[in-house]
Amino acid sequence: MENAQTPDEGNKTAKKAVTPPASGARKPPTKKPAGGTTAATRSTKPRSVSKPTAAKPTAAKPAVRKPAVSKPAAAKPAAASPIAPKLAVPEIVVPAEGEAAIAAPDASQPAEKPDAVLAGLARLRLLASQFAAPASAVDSAPVELGMSAPAKPTLPEPTAPEPTAPEPTLPEPTAPPALTHALVATSDDVVLEVRGLSKGFGDTVAVNDIDLTVRAGVFYGIVGPNGAGKTTTLSMITGLLRPDSGTASVNGVKVWDSPAIAKRSMGVLPDRLRIFDRLTGSQLLYYSGVLRGLGAAEVRKRSADLATAFGLEDVMGRLVSDYSSGMLKKVALAAAMIHSPRLLVLDEPFESVDPVSATTVIRILKQYVSAGGTVVLSSHRMELVQRVCSHVAVIVEGTLLADGTIDEVRNGMSLEDRFVQLTGTNSVGGGLEWLSSFSD
Ligand SMILES: Nc1ncnc2c1ncn2[C@@H]1O[C@H](COP(=O)(O)OP(=O)(O)OP(=O)(O)O)[C@@H](O)[C@H]1O
């Protein structure tokens, strides 16, 4: 899974030394005028938005001009995930006990089960308390990361299959030692630190020298127009796409120096879902859990909790390839959460998700955050980001224009209005007059 890289990457973006911006500081995509501005006095056009001098005294950024490059559909997926869709995988048989716990129930059962959902949420709350211990409660001394936590879970020798079972059974994995505490290498509560991250694809500057600091217990939204560089940024942060320059550290571990260690404390929902969709939902969660080193019994328990919480109990026995887009998103989110990571990185988690399900997802994520977990998500839904997130970053043309708390960034207006102001996309383009002269 490590070191996946886009085949057509290679354009090295010009880089410079950076000073972390203050909260709310902006980086203009074009040269900033001498003097800089505050968040409140920022120009309404992105190309004239400047970063305060105090935050980045020497930074005069080059203009970021993106040619109208259409994203090649085939190029990015190959880089973004090591898991090819519809990959032929051996049949995985979830142990019988697990099937009993999470198998699809009778189709005649009602889809909505408020009590069951509440029960699942209650169990998730317990789960959350395990992974989301506040950083302050954790040993703050630097640790030898590679020693106390094995790089990969050690799987024991496979057990002999049941005489009646034709397919191979998954071996019972040995759960590694508790990882989360060992992975907290710093005493401050910075969970994600991004410095000078850049990425180009040919002539396209997808991400230009981005800095982000995300602390524990924060619900962090990344917004930007299509092609702004959100997915590219998240892919580099999660170890799916190698940056041209810059670093991303999770709990003090540099993702591209120690990807296996850094990834242990992350749960990732990638943009274009690469998923073993020839598995059933229960098999997928089981597979995701044991790959993360959880024991079978624990995986079964968590799978049942997650299936209930996400309202997927009735479809856990179905092939994932037969799921609707929203179901797929939810089961992928469940798979990202099953190992109770400290950091969830979610690319467009609400896309294709119906409003009721979105509310459920938000409730689960809020609960996770309130227990000390951290969520970084990208979204185009400004109202939702304003309502749900505590912090936000606005990225336009690969450049960070604004970041900070929601209130700092929106500056007295709605986040949507502020976004439009920052991106300069409020004008309705001309040239579509023909659209109002109907053909009949
Ligand atoms: N593998 C790739 N090869 C070439 N260009 C790419 C690749 N991936 C992304 N790009 C380009 O990089 C830029 C940023 O793309 P990215 O997918 O990060 O944007 P985004 O903000 O996630 O967009 P959206 O909101 O539409 O999902 C775009 O111009 C895109 O065409």
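How many residues does the range 354-387 hold that are closer than 16 Å to Ile406 by Cβ and small (Gly, Ala, Ser)?
2
When the range 372-383 is examined, which residues are found to be outside any loop (DSSP other than H, G, I, E, B) and within 11 Å of the ligand (Cβ to nearest atom)?
Going residue by residue through the range 372-383, those that are outside any loop (DSSP other than H, G, I, E, B) are 374-378, 382-383.
The answer is Ser378, and nothing else.
Restricting to the range 187-208, and then to whatever is among the aliphatic types (A, V, I, L, M) and away from the ligand (no atom under 16 Å from the Cβ), can you tell me which residue is surrounded by the most Cβ atoms within 10 Å (Cβ to Cβ)?
Filtering the range 187-208 for residues that are among the aliphatic types (A, V, I, L, M) and away from the ligand (no atom under 16 Å from the Cβ), the one surrounded by the most Cβ atoms within 10 Å (Cβ to Cβ) comes out as Val191.
Considering only residues that are buried (at least 20 other Cβ atoms within 10 Å of the Cβ) and out of contact with any Gly (no Cβ under 6 Å at 6 or more places or on another chain), which ones fall in the range 253-262?
Passing the criteria: Val253, Ile261, Ala262.
Taking the condition of being more than 16 Å from the ligand (Cβ to nearest atom) and under 12 Å from the mean Cα position of the chain (by Cα), how many residues in the range 343-364 meet it?
Residues flagged as more than 16 Å from the ligand (Cβ to nearest atom) and under 12 Å from the mean Cα position of the chain (by Cα) within the range 343-364 amount to 2.
I'm trying to understand the selection: among the residues of the range 263-314, which are surrounded by 22 or more Cβ atoms within 10 Å (Cβ to Cβ) and of a type in the set (Ser, Thr, Tyr)?
Scanning the range 263-314 gives Ser265, Thr280, Ser282, Tyr286, Ser288, Ser303, Thr308.
Answer yes if at least one residue in the range 384-403 is within 16 Å of the ligand (Cβ to nearest atom), at pLDDT 90 or above, surrounded by 24 or more Cβ atoms within 10 Å (Cβ to Cβ) and assigned to a helix (DSSP H, G or I), and no otherwise.
Checked the range 384-403: at least one residue is within 16 Å of the ligand (Cβ to nearest atom), at pLDDT 90 or above, surrounded by 24 or more Cβ atoms within 10 Å (Cβ to Cβ) and assigned to a helix (DSSP H, G or I).
Going through Ser249, Ser303 one at a time, which residue ends up being of a type in the set (Gly, Ala, Ser), modelled with pLDDT of 95 or more and either within 16 Å of the ligand (Cβ to nearest atom) or in a helix (DSSP H, G or I) (or both)? Working first, answer last.
Details: Ser249 fails: either within 16 Å of the ligand (Cβ to nearest atom) or in a helix (DSSP H, G or I) (or both).
Unique residue meeting the criteria: Ser303.
Could you tell me which of the residues Asp347, Asp322 is crowded, with 20+ Cβ neighbours inside 10 Å, of a type in the set (D, E, K, R) and at pLDDT 90 or above?
Going through Asp347, Asp322 in turn, just one is crowded, with 20+ Cβ neighbours inside 10 Å, of a type in the set (D, E, K, R) and at pLDDT 90 or above: Asp347.
Considering only residues of the range 209-240 that are farther than 20 Å from Met382 by Cα and part of a strand (DSSP E or B), which is nearest to the ligand (Cβ to nearest atom)?
The selected residue is Ile210.
Being within 16 Å of the ligand (Cβ to nearest atom), of a type in the set (A, V, I, L, M, F, W, C) and outside any strand (DSSP E or B) is the filter here; which residues of the range 252-275 pass it? Can you show your working first?
Initial filter on the range 252-275 (within 16 Å of the ligand (Cβ to nearest atom)): 268-274.
Going one step further and asking which of them are of a type in the set (A, V, I, L, M, F, W, C), we end up with 268-269, 273.
Leu273 - this is the single residue of the range 252-275 that is within 16 Å of the ligand (Cβ to nearest atom), of a type in the set (A, V, I, L, M, F, W, C) and outside any strand (DSSP E or B).
So which of Leu291, Leu284 ends up being out of contact with any strand residue (DSSP E or B) (no Cβ under 9 Å at 6 or more places or on another chain) and modelled with pLDDT of 95 or more?
None of the others qualify; the one that does is Leu284.
For (1) free of Cβ contacts under 8 Å to residues at least 60 places away in the same chain; (2) under 26 Å from Leu279 (Cβ atoms); (3) of a type in the set (S, T, N, Q); (4) surrounded by fewer than 23 Cβ atoms within 10 Å (Cβ to Cβ), each residue gets a yes or a no:
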site: Gly326; (1), (2), (3), (4): yes, yes, no, yes
site: Arg342; (1), (2), (3), (4): no, no, no, no
site: Gln367; (1), (2), (3), (4): no, no, yes, yes
site: Arg381; (1), (2), (3), (4): yes, no, no, yes
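The values are calculated or read from the model by the stated rules, or taken from the named source; none is laboratory data. Keep in mind that what you see is a predicted model, and the values were worked out from it rather than measured. Cβ: placed from backbone, ideal geometry, glycine included. Neighbour counts: every protein chain shown.
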